[in-house]
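Participant: Quick one: the structure is below, and I'll ask about it shortly.
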């Protein structure tokens, strides 16, 4: 009985040990299965990621490479096994790695480096690699290196572009300002810092505002016009005045809103180009144009000398006649009442007024002054120009016809400049009529040509203008007359543009002669007055 009990205990113990062994084996199989599953999962992750995952021996030899090597470098993973990664480094970047350049980040066994790596076809790919070294815990000897590498070529290119743009902005002579939502200048380029005596970027505790950069008038425009426009349209361009050490500096400004990922709200860029020289050149050109126009008027008055003599001779002759008659009456009857001389004295006074008016007109015509467009009656200017040329036409036996309707609206023009244009056109038409025996008249007409336009025509019956010279008819020093200077039409064209209009050659030749058409803007309509109830 005792032996049987012992055998049963031994058998039960054996069964228990076997059960424990089976449980251990099952648990080990489960763990191995879990490890295999995790290994397959990690392998799937490594093969699926777009980053290159690799393992290297301490001499840089590839021990493992993920499938991303095909897309990134053109190598199949098995082609890289046994190849030293150092052989594929760009030489300059390999030197940085071996010498541990400060550009290579290192901390607690982790390395991070950006470098160029040669692909299978020979071109270099910019890689950013994070490496983790594994060492023997007892000896500290390097076992292997695990690396994760990604293509950062686009980022490197974008950074290079930004760096180039930053260098351009810093070196340009334009004044570049960057402001925040409170109109404080947080960044500026060298030119702006010199002009405005600003601290270098990042220096100083208090940021200057736009009031430091722009005059009070321009600052008001920025706040009232520019900033609302940029908020709506993202950009604005126009002329402003910046503060300079010797006074305001006119600038052509472009204001841009910052948009896109990472952009701060309400941040703006202001690019300002100094246009002082351009402004000075424009002023000088305008003065030069006025001097040329003045010289042209003087030359025109020379051509009209006979008309001037006629204009002065008529009232002077009338004055002499009336004065002679009054003297004859006094000689015949020295004691007659003074009231009997009232009529000749009134006539003399009228002629003196007429003479003074003609002299004022001639003086105004030849006087040099600025072109200033204002509302005026076209009839009056046409009549004044025709009076200046009328004696010339009478001497040539050519009729000067005016066909202007009474309802022609007032036009925006400078009276002296417009009269100069008309006199030039009328004298040219007269000269063309002299060259053509069949020409009998010159006509000046006008009509409303648009909702805010009036066009006048000066037409002659001369030989016309040849088609081959029609394109250059308004060029300076171009003349169809042997003794002409070729400045009349050029000046007339410039004067019309200065008044906001234009002058064109409407017809070039044929039986109808030549016709020049000038277009001017009409007087703006008055604003309607609101009624209050």
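The values are calculated or read from the model by the stated rules, or taken from the named source; none is laboratory data. Remember, it's a predicted structure, so these values are computed and weren't measured experimentally. Neighbour counts are summed over all protein chains in view; Cβ atoms, including those assigned to glycine, are modelled from backbone coordinates with ideal geometry.
Participant: Taking only region 384-405 into account, find how many residues are over 26 Å from residue 436 (Cβ atoms) and without any contact (Cβ under 8 Å) to a residue 24 or more places away in the chain.
Facilitator: Taking region 384-405 as the starting set, the residues that turn out to be over 26 Å from residue 436 (Cβ atoms) are 384, 405.
Those still in the list that are without any contact (Cβ under 8 Å) to a residue 24 or more places away in the chain too: none.
Count: 0.
Participant: Within 22 Å of residue 115 (Cβ to Cβ), in contact with a strand residue (DSSP E or B) (Cβ under 6 Å, 6 or more places away or on another chain) and either in the same structural domain as residue 136 (by TED's automatic domain parsing) or at pLDDT below 70 (or both), is that true of residue 75? Break it down stepwise before answering.
Facilitator: Details: within 22 Å of residue 115 (Cβ to Cβ): yes; in contact with a strand residue (DSSP E or B) (Cβ under 6 Å, 6 or more places away or on another chain): no; either in the same structural domain as residue 136 (by TED's automatic domain parsing) or at pLDDT below 70 (or both): yes.
Here the answer is no, as residue 75 does not meet what is asked.
Participant: I would also like to ask the following. Under 30 Å from residue 178 (Cα atoms) and either at pLDDT 70 or above or surrounded by 15 or more Cβ atoms within 10 Å (Cβ to Cβ) (or both): is that true of residue 242 in this structure?
Facilitator: Criteria met by residue 242.
Participant: Exactly one of (1) within 28 Å of residue 51 (Cβ to Cβ); (2) surrounded by 13 or more Cβ atoms within 10 Å (Cβ to Cβ) is unmet by residue 170. Its number?
Facilitator: (1)
Participant: Evaluate region 497-504: report whether one residue or more is assigned to a helix (DSSP H, G or I) and either at pLDDT 85 or above or under 22 Å from residue 419 (Cβ atoms) (or both).
Facilitator: There is at least one residue in region 497-504 that is assigned to a helix (DSSP H, G or I) and either at pLDDT 85 or above or under 22 Å from residue 419 (Cβ atoms) (or both).
Participant: Among 298, 388, 330, 277, which is in a helix (DSSP H, G or I), in contact with a helix residue (DSSP H, G or I) (Cβ under 7 Å, 6 or more places away or on another chain) and modelled with pLDDT of 65 or more?
Facilitator: None of the other options fit; the residue is 388.
Participant: Hey, residue 176 hits all of (1) under 22 Å from residue 70 (Cα atoms); (2) in contact (Cβ under 8 Å) with a residue 40 or more places away in the chain; (3) touching a helix residue (DSSP H, G or I) at 6+ places or on another chain (Cβ under 6 Å) but one; which does it fall short on?
Facilitator: Single failed check for residue 176: (1).
Participant: Here is a check on your reading of the model: is residue 185 touching a strand residue (DSSP E or B) at 6+ places or on another chain (Cβ under 6 Å) and in the same structural domain as residue 259 (by TED's automatic domain parsing)?
Facilitator: yes
Participant: With the condition being at pLDDT below 85, I'd like the helices (runs of 4 or more DSSP H) fully within region 108-223 carrying at least 2 qualifying residues.
Facilitator: 153-171
Participant: In addition: Just the residues that are out of contact with any helix residue (DSSP H, G or I) (no Cβ under 8 Å at 6 or more places or on another chain) and surrounded by fewer than 17 Cβ atoms within 10 Å (Cβ to Cβ), please, taken from region 249-268.
Facilitator: Passing the criteria: 252, 254, 258, 259, 260, 261, 262, 263, 264, 265, 266, 267.
Participant: Here's another thing I want to ask about it. Can you pull out the residues in region 425-463 that are over 20 Å from residue 379 (Cα atoms), crowded, with 20+ Cβ neighbours inside 10 Å and either at pLDDT below 85 or touching a helix residue (DSSP H, G or I) at 6+ places or on another chain (Cβ under 8 Å) (or both)?
Facilitator: Of all residues in region 425-463, those over 20 Å from residue 379 (Cα atoms) come to 428, 430-440, 461-463.
Filter again for crowded, with 20+ Cβ neighbours inside 10 Å, leaving 428, 430, 432-433, 439, 461-462.
428, 430, 433, 439, 461, 462, listed by residue number.
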